Amino acid sequence: MSSSYAATAGPVAGAADSTKALRTLYYVRFGFAVVWAVLMMAIAKKINPGATALLVIYPLFDVAAAVIDFRSSGTTRPKAPLYVNMALSLLTAIGLAVAAGSGIPSVLRVWGAWAITAGIVQLVVAILRYRLGGQWAMILSGGISVLAGSSFILMAGGPKASLTNVAGYAILGGIFFLISAIRLQRLAAKVN
């Protein structure tokens, strides 16, 4: 959507376009999370080049999704939390690339810190977007992300540090994106 289109179509059309873009983005995020998690479970019994690539790709995908969200979110919604999310995810990708050389516990600590901070940002964004509808799942997801991040950090210090829980975390997050996408689609159908 170009800015000139949004200006001539009016606020209602602009809001409908940004809600449609958000819904599509949520569907894509669900699909990515499931595919990523399946691949992670298949190859990440230990840190290897494939697992390292997957670990770095996940937060980079989050950066790309935040950029798309930023561009399509319209002028009436605050964008500062999206900037924070982009920065956190980019730093996490770098941190995961470095941590992979130190083993699974280091990866879990970086992933856990990201889950906590990204969960807080997700909560803020979902609360700011609550009027759009379909955001209760994103609020829940943000809260669960904070808890999961704490558990990753605790798990890193234990004897059973594993990357399979990271894959489970991605699937759960994907399910929350799917729920929000379906909810936004139903709300859009009611309006039309």
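Go over the candidates 122, 135, 185 one by one and state the one that is open to solvent by 70 Å² or more (accessible area, probe 1.4 Å), farther than 14 Å from residue 55 by Cβ and of a type in the set (S, T, N, Q).
On the way: 122 fails: open to solvent by 70 Å² or more (accessible area, probe 1.4 Å); 135 fails: open to solvent by 70 Å² or more (accessible area, probe 1.4 Å).
When all the criteria are applied, what remains is 185.
Exactly one of these conditions fails for residue 91: (1) within 16 Å of the chain's Cα centre (by Cα); (2) buried (at least 18 other Cβ atoms within 10 Å of the Cβ). Give me its number.
(2)
Please go through (1) surrounded by 15 or more Cβ atoms within 10 Å (Cβ to Cβ); (2) without any contact (Cβ under 8 Å) to a residue 24 or more places away in the chain; (3) under 14 Å from the mean Cα position of the chain (by Cα) for residue 83 and return the number of the only condition it doesn't satisfy.
(1)
Quick check on my filter: what residues within the range 154-180 are in contact with a Lys or Arg (Cβ under 6 Å, 6 or more places away or on another chain) and modelled with pLDDT of 90 or more?
The answer is 156, and nothing else.
Inspect all residues belonging to the range 66-84 and state whether any of them is small (Gly, Ala, Ser), modelled with pLDDT of 90 or more, assigned to a helix (DSSP H, G or I) and out of contact with any Leu (no Cβ under 8 Å at 6 or more places or on another chain).
No: zero hits.
Take the residues of the range 41-80 that are open to solvent by less than 50 Å² (accessible area, probe 1.4 Å) and among the charged types (D, E, K, R): which is nearest to residue 167 (Cα to Cα)?
That would be 62.
The values are calculated or read from the model by the stated rules, or taken from the named source; none is laboratory data. In this text the structure is predicted, and so the values were computed from the model without any measurement. Neighbour counts are summed over all protein chains in view; Cβ atoms, including those assigned to glycine, are modelled from backbone coordinates with ideal geometry. These accessible areas exclude ligands, DNA and RNA; they are computed on the full protein's heavy atoms, side chains included. Shrake-Rupley method; radii C 1.70, N 1.55, O 1.52, S 1.80 Å.
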